[in-house]
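Structure first, commentary second.
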């Protein structure tokens, strides 16, 4: 059965979410006190926006407005329009 582009995108998103959940689970199980996120340049604009939100609110990471602005800027540079609403 041939998949539509939407179905392929949903599968890709599901795989990314599963990977993120697995990493978070391992992070929580090891008892780490901080999460270091490497910028490999392969994050989607939406993921960068959500990471910016996490730093802005301090959800799962130490609240850091500078780091939030960094990730919001990266998302905006890729044309993610939702970030423009956040910072306006």
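Please treat every number below as a calculation from the coordinates, not as lab data. Fair warning: this is a prediction, and the values are worked out from it, not measured in the lab. Backbone-built Cβ (ideal geometry, glycine too); neighbour counts: all protein chains shown.
Brief remarks on what is shown
- Ranked by the mean number of other Cβ atoms within 10 Å of their residues, highest first, the peptides 49-58, 63-72, 76-85 come out as 49-58, 63-72, 76-85.
- Annotation: extensible slack from residue 66 through residue 78 equals 2.4 nm (criterion: 0.36 nm per residue apart, minus Cα-Cα distance).
- Residue 2-residue 46 FRET efficiency (beta carbon distance; Förster radius 35 Å; 0.05 resolution): 0.85
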